[in-house]
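The values are calculated or read from the model by the stated rules, or taken from the named source; none is laboratory data. Owing to the predicted nature of the structure, the values given are computational and were not obtained by experimental measurement. When we count neighbours, we look across all protein chains shown, and the Cβ atoms used for this are built from the backbone with ideal geometry, even at glycine. We work out accessible area using only protein heavy atoms, side chains counted, and drop any ligands, DNA or RNA first. Shrake-Rupley method; radii C 1.70, N 1.55, O 1.52, S 1.80 Å.
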Amino acid sequence: MHELSVTQSILDIALAHARQAGATRVLRINLVIGELSGLVGEYLQFYFDFLSRETLAEGAELTFQNVPARLRCLHCGTEYEPESADWTCPQCGALQPAIVGGRELLVESIEVE
Ligand SMILES: [Zn+2]
C-alpha cells in the first residue's frame, strides 16, 4: 500500500514541525502532488485520518496542489508538458521522453496553532 507509507511520512513531517514550533495542534497540511506520482488525494486523507488519531495532527485537513507531468525529449532536448496521454515531442515528433517532473510529493507548508 503505497499511500499508507507515504501518508505516514507526511504525518511524521507534520508532527516534527508541530513539535519544533511548540504547537498544540496541526490544522492543515498543504501538499504538492505530481500528476505521475500515482497518489490520490482522497486516499491520502483517508489514511491520514486513520494514522493521525491521538496525535497533534488528529483532524487536520490535507490540501492538494496538483502539478502536471513534465518531460524532456531525449532526441532534441525540448522540455514539454504532454497533452493527456500523448507524449510525443511537440518540437521534433519523437517519442523518447524522459520524465523530469510530475512524480513528486512535497509538503509545501503546515499550518499549526
Ligand atoms: Zn524532440
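Out of all the residues in region 86-106, is one or more among the aromatic types (Phe, Trp, Tyr), within 16 Å of the ligand (Cβ to nearest atom) and either open to solvent by 60 Å² or more (accessible area, probe 1.4 Å) or touching a residue at least 12 places away in the same chain (Cβ under 8 Å) (or both)? For region 86-106, residues among the aromatic types (Phe, Trp, Tyr), within 16 Å of the ligand (Cβ to nearest atom) and either open to solvent by 60 Å² or more (accessible area, probe 1.4 Å) or touching a residue at least 12 places away in the same chain (Cβ under 8 Å) (or both): present.
Return yes when THR63 is in contact with a strand residue (DSSP E or B) (Cβ under 6 Å, 6 or more places away or on another chain) and β-branched (Val, Ile, Thr) and no when it is not.
Here the answer is yes, as THR63 does meet what is asked.
Does region 60-69 contain any residue that is open to solvent by 90 Å² or more (accessible area, probe 1.4 Å), more than 9 Å from the ligand (Cβ to nearest atom) and acidic (Asp, Glu)? No: zero hits.
Number of residues in region 86-99 that are part of a loop (DSSP other than H, G, I, E, B) and closer than 26 Å to VAL32 by Cα equals 3.
Restricting attention to region 3-59, which residues are loosely packed, with under 13 Cβ neighbours inside 10 Å, touching a residue at least 24 places away in the same chain (Cβ under 8 Å) and assigned to a helix (DSSP H, G or I)? Hit for region 3-59 is ARG19, nothing else. In region 76-85, the qualifying residues are those that are surrounded by 14 or more Cβ atoms within 10 Å (Cβ to Cβ) and part of a loop (DSSP other than H, G, I, E, B), and the one that is nearest to the ligand (Cβ to nearest atom) is THR78.
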